[in-house]
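Notes to accompany the following structure.
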Amino acid sequence: MSRKWERMVEKNQKTINAKRKKDGLAPVSVKGKEVKQSFKGMNWMLPFFLIIITILNIVMFIQQDAMTRGNLITFLVYILLAVLLLFMNRPTLAIGRTSITSRRFASFQTASASDIEEIQLMKNAVVIRLKTKKKRWVYTKVTHWFPIANVSVRLREFAADNQIALVDNQS
């Protein structure tokens, strides 16, 4: 359906639902959330550095004969933290019909199609440039372990549907 038609349907649903509410009836249909295709990566850099620091500390403590039970527990907790960060803190890119949602370290950020200036597709990376403060969302194959090929296909469709500038450098 075209967007104009969808807006007309939504408008008519609102008026019908208002009348049904006055009559004490249930609404015809409730507008649901936008269906988004979600892509998940894996951020390995912080867990990697935690493991490296832990291994260096273990080597130093063994050389100084200062390995105690408390130190061992501390090292195990650091390794557990690294594993949790690896599997629990995954960067996510959810692409809907008119918006894109990004999850990085702390929170979700949503950008509508009107907030996006340009989308750049490269061989091993995807860059989404936002109009506000010239902010960029960068997803790479190396640092984020992101499925770049699948994301690129979906972002091409998103850019075509919403008339967003698309720079394709995947050669």
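Observations on the structure shown:
- The residues in region 83-134 that are under 18 Å from Ala165 (Cα atoms) and among the hydroxyl-bearing types (Ser, Thr, Tyr) can be counted, and the count is 5.
- If the condition is being surrounded by 12 or more Cβ atoms within 10 Å (Cβ to Cβ), farther than 20 Å from Gly41 by Cα and either within 14 Å of the chain's Cα centre (by Cα) or not hydrophobic (A, V, I, L, M, F, W, C) (or both), then region 141-171 contributes Glu157, Asp161, Asn162, Asp168.
- Arg129 satisfies every condition listed in (1) among the basic types (Lys, Arg); (2) surrounded by 17 or more Cβ atoms within 10 Å (Cβ to Cβ); (3) under 15 Å from Gly41 (Cβ atoms) except (3).
- In region 144-164, the residue that is farthest from Ile100 (Cα to Cα) out of those that are in a helix (DSSP H, G or I) and out of contact with any strand residue (DSSP E or B) (no Cβ under 7 Å at 6 or more places or on another chain) is Ala149.
- The number of residues in region 91-126 being under 16 Å from Asn150 (Cβ atoms) and either touching a Pro at 6+ places or on another chain (Cβ under 7 Å) or assigned to a loop (DSSP other than H, G, I, E, B) (or both) comes to 4.
- Residue match in region 82-90 (condition: in contact with a Pro (Cβ under 7 Å, 6 or more places away or on another chain) and not aliphatic (A, V, I, L, M)): no
- Test for Phe87: is it exposed (fewer than 11 other Cβ atoms within 10 Å of the Cβ), at pLDDT 85 or above and within 32 Å of the chain's Cα centre (by Cα): yes
- For Leu76, the requirement of being in contact (Cβ under 8 Å) with a residue 40 or more places away in the chain, in a helix (DSSP H, G or I) and not polar (S, T, N, Q) is not met.
- Residues of region 47-66 that are hydrophobic (A, V, I, L, M, F, W, C) and either closer than 30 Å to Thr143 by Cβ or surrounded by 14 or more Cβ atoms within 10 Å (Cβ to Cβ) (or both): Phe48, Phe49, Leu50, Ile51, Ile52, Ile53, Ile55, Leu56, Ile58, Val59, Met60, Phe61.
- Considering region 19-46, the residues that are of a type in the set (Gly, Ala, Ser) and either at pLDDT 85 or above or within 22 Å of Val151 (Cβ to Cβ) (or both) include one that is surrounded by the most Cβ atoms within 10 Å (Cβ to Cβ), namely Gly41.
The values are calculated or read from the model by the stated rules, or taken from the named source; none is laboratory data. Since we're looking at a predicted model, the values are computed, not measured. No Cβ is skipped: glycine too gets one built from the backbone with ideal geometry, and neighbour counts run over all protein chains shown.
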